[in-house]
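For reference, the structure is listed below as structure tokens.
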Amino acid sequence: MSSTDDFSPAVTGEGVQWAYSTCTGNKKALLIGINYVGTYSELQGCVNDVLNLRKFITERWGYDNSNIVTLTDDKKVSKLAPTKANILAQLKELVKGAQQNDALFLC
């Protein structure tokens, strides 16, 4: 990982102030479901779980579908496959432009 890929806070230590978000700003989510189909470690419910979670956060928490990216290994669209490159790119998109009181959700 290079220093430009560091997702830790830019400033830490004494005198740094922080507060929990009131979630009154933008709401963005990145949901990742990997069933590992065709492998020894194949799972059954991960993709289904993130699809249900997507429905939950739109209906209960007010997230807009246009602000939710779902990466699953059951899609034919390669830009939505949960590859390392796609996950890192979408993590950067998730935090890009984040402001105080935004709600960023990662699962």
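The values are calculated or read from the model by the stated rules, or taken from the named source; none is laboratory data. Owing to the predicted nature of the structure, the values given are computational and were not obtained by experimental measurement. Quick reminder, even Gly has a Cβ in these numbers, built from the backbone with ideal geometry, and neighbours come from all protein chains shown.
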**OP:** Would you mind stating whether Asn35 is buried (at least 16 other Cβ atoms within 10 Å of the Cβ) and not in a helix (DSSP H, G or I)?
**Re:** yes
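Condition check: closer than 21 Å to Lys79 by Cβ and either at pLDDT 95 or above or surrounded by 13 or more Cβ atoms within 10 Å (Cβ to Cβ) (or both). Does Ser66 satisfy that?
Working: closer than 21 Å to Lys79 by Cβ: yes; either at pLDDT 95 or above or surrounded by 13 or more Cβ atoms within 10 Å (Cβ to Cβ) (or both): yes.
So Ser66 fits the description; yes.
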**OP:** Could you check, for the range 15-28, whether at least one of its residues is surrounded by 10 or more Cβ atoms within 10 Å (Cβ to Cβ), modelled with pLDDT under 90 and among the small types (Gly, Ala, Ser)?
**Re:** yes
Original post:
Would a scan of the range 96-105 turn up a residue that is modelled with pLDDT of 95 or more, exposed (fewer than 14 other Cβ atoms within 10 Å of the Cβ), within 13 Å of the chain's Cα centre (by Cα) and not small (Gly, Ala, Ser)?
Top reply: yes
Original post:
Using beta carbons and a limit of 6 Å, which pairs, at least six apart or on different chains, have the first residue in the range 7-27 and assigned to a loop (DSSP other than H, G, I, E, B) and the second one at pLDDT below 70?
Top reply: none
Original post:
How many of the residues in the range 59-100 are in contact with a Gly (Cβ under 9 Å, 6 or more places away or on another chain) and either under 11 Å from Ala29 (Cα atoms) or of a type outside the set (Val, Ile, Thr) (or both)?
Top reply: 8
Original post:
Of the residues Thr39, Thr70, Thr58, which is among the β-branched types (Val, Ile, Thr), without any contact (Cβ under 8 Å) to a residue 12 or more places away in the chain and closer than 14 Å to Phe105 by Cβ?
Top reply: Thr58
